[in-house]
Amino acid sequence: MGTASRQGRVQAGQDPGLLRRLLRAKDRMDAASDEEWPVRRLARVSDVSEAHFARSFKEAFGVPPHRYLLTRRIERAKTLLRDTELSITDIAFQTGWQSLGTFGRTFRDITGESPGELRAREKGASNALDRVPACFLSAAHRPDLTSAVSEKRRQDAADSIASEPTGVPTEVT
């Protein structure tokens, strides 16, 4: 049986109580993405061991906790670059980075451009997006992750549908 099929069963079989505790940790990261969130702290929030937390978080959300936190920080930095006149250094520190160099390198790795390039491009862009709801803009500017939860679930669903019989009645003689 393929890996995707096994993973789909594991996700579907996860304990609802565990999923609620994982969501609690994810919500804490969302609310304070500028803080340090080592696995030990997240595991305490979820009331599970560190290894179990890391494995379960990735199974539930499709990305490891550290990558999820980096994504949230980059999303917040992109918003601040677009919507404020704060310096890039201030934005780096406000979004939880301890080093401007690490912020710039990680930002470029994830978005494909430096913070300054993003700001210049956004400032030069037309204001035609002013009428688009902020939630749509946030979704469109979200960093590209290789395995998003909804996409993974869609693929798992498509795999399970493809492996099921078509449901077309056969001719009885």
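Could you pull out the residue among Arg108, Arg121, Arg82 that is of a type in the set (Lys, Arg) and touching a residue at least 24 places away in the same chain (Cβ under 8 Å)? Full working, then the answer.
On the way: Arg108 fails: touching a residue at least 24 places away in the same chain (Cβ under 8 Å); Arg121 fails: touching a residue at least 24 places away in the same chain (Cβ under 8 Å).
Checking each option against the conditions leaves just Arg82.
Matching residues to (1) out of contact with any Asp or Glu (no Cβ under 9 Å at 6 or more places or on another chain); (2) open to solvent by 40 Å² or more (accessible area, probe 1.4 Å); (3) of a type in the set (Lys, Arg):
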| residue | (1), (2), (3) |
| --- | --- |
| Ala77 | yes, no, no |
| Arg82 | no, yes, yes |
| Thr89 | yes, yes, no |
| Thr95 | no, no, no |
| Thr102 | yes, yes, no |
| Arg108 | no, yes, yes |
| Glu113 | yes, no, no |
| Lys123 | yes, yes, yes |
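If you go through the range 73-119 one residue at a time, how many are among the β-branched types (Val, Ile, Thr), in a helix (DSSP H, G or I) and within 18 Å of the chain's Cα centre (by Cα)?
In the first step, residues of the range 73-119 are kept if they are among the β-branched types (Val, Ile, Thr); the result is 74, 79, 84, 88-89, 91, 95, 102, 106, 110-111.
From what is left, the residues that are in a helix (DSSP H, G or I) are 74, 79, 88-89, 91, 102, 106, 110-111.
Next, only the ones that are within 18 Å of the chain's Cα centre (by Cα) stay: 74, 79, 106, 110-111.
Count: 5.
Applying the condition of being acidic (Asp, Glu) and at pLDDT 60 or above to the range 119-157 and asking which residue is nearest to Asp83 (Cα to Cα) yields Glu122. Just to be sure before I move on: is Ala43 under 28 Å from Gln94 (Cβ atoms), free of Cβ contacts under 8 Å to residues at least 40 places away in the same chain and out of contact with any helix residue (DSSP H, G or I) (no Cβ under 9 Å at 6 or more places or on another chain) in the structure I sent? Judged against the criteria, Ala43 is not a match. So is Arg55 in a helix (DSSP H, G or I) and surrounded by 15 or more Cβ atoms within 10 Å (Cβ to Cβ) or not? The answer is no for Arg55.
The values are calculated or read from the model by the stated rules, or taken from the named source; none is laboratory data. All values reported here derive from a predicted model rather than from experimental measurement. Every residue, glycine among them, receives a Cβ derived from its backbone with ideal geometry; neighbour counts consider all protein chains shown. These accessible areas exclude ligands, DNA and RNA; they are computed on the full protein's heavy atoms, side chains included. Shrake-Rupley method; radii C 1.70, N 1.55, O 1.52, S 1.80 Å.
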